[in-house]
Amino acid sequence: MYRKRKFDKRYLIIIAIVVLAILLVVLSLALKKDRNLSLPEKVVKDGGTFTLNILSTPVNFIKEKFRENKEKSRIYEEYKELDKQKKNLNSLKAENNDLKNEIKKLKEELELDSILSDKVFTHATIINRNIDYWYEEITIDKGKTKGLEKGMAVINSQGLIGTISKVSGSYSTVKLLSNENMSDKISVKIKVGDDYVYGLISGYNTKNNTYTVEGISENKEISKGSEVVTTGMGDLFPSGLLVGKVTKVTTDNFDLSKVVVVKSLVNFDEIDYVSVLKRKASK
């Protein structure tokens, strides 16, 4: 037979305490601050404040613990990412050191004083850029006194931007690759598997910030995203200077050679500082 369960008096006591605490809190908040309180009112207000502090302490404690755990999780995730980057950096350093040692040994073995990728840097600042020739040329504050010569390559942090076209004692004019009337064609190479295909930069599209590379006769598949760099075949041009990345491959009108569209990584509207490069002279 079903027996009626008796109500536990302990619950009644807890409910009474909670109700009393709420009443005390309400009364303490209702008392005006701009008048003198009577003794009973002071007792009520102090009791309400005391009760409120007691009730809020565990809640604040739990909130603080949640916040601490969340912050610890965030710090740990950042630590794991930094540790991963550190491992990658150590790997790159080791690989770089190995490559340097290999190049050194090759030079000694072949009795070479310099290779196509050896470079000499001269840093310069743009001092003049005519708005009427914005994409054609710039003037920099270095010239013959710093060893600059016509035909040297000019780069910024994003890649190749042009070549020296005129040189005076203290200044030089740089012909930009964004010049649509480019007359000096620059030799470049595109990595295809373990090999390279070679071509010439023949034009620039201002609207799309792309170069046209022509003269590639090799029947090899060129992938989009492949890096395009200089060959170092000229007297002053080093090899390996980044020109851009392949975005499109077609053929010429006679289907005899490939025409490659290369997206430049350089923002030609924002150029302030450059570096002039030349091949390191043989000893």
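Structural remarks
- Flag for Ser202 being modelled with pLDDT under 90, assigned to a strand (DSSP E or B) and surrounded by fewer than 15 Cβ atoms within 10 Å (Cβ to Cβ): yes
- Of all residues making up the range 235-276, the number that are part of a strand (DSSP E or B) and in contact (Cβ under 8 Å) with a residue 40 or more places away in the chain: 18
- If you go through the range 118-130 and pick out every residue that is under 29 Å from the mean Cα position of the chain (by Cα) and not in a strand (DSSP E or B), you end up with 2.
- When residues of the range 162-194 are limited to those that are surrounded by fewer than 17 Cβ atoms within 10 Å (Cβ to Cβ), modelled with pLDDT under 90 and over 30 Å from the mean Cα position of the chain (by Cα), the one farthest from Lys144 (Cα to Cα): Asn181
- Of residues in the range 205-233 being part of a loop (DSSP other than H, G, I, E, B) and of a type in the set (A, V, I, L, M), the one nearest to Glu136 (Cα to Cα): Met233
- Output for the range 132-161, where each listed residue is more than 30 Å from the chain's Cα centre (by Cα) and touching a residue at least 12 places away in the same chain (Cβ under 8 Å): Gly143, Lys144, Thr145, Lys146, Gly147, Leu148, Glu149, Lys150, Gly151
The values are calculated or read from the model by the stated rules, or taken from the named source; none is laboratory data. As the structure is a computational prediction, the values presented were derived from the model and not from experiment. When we count neighbours, we look across all protein chains shown, and the Cβ atoms used for this are built from the backbone with ideal geometry, even at glycine.
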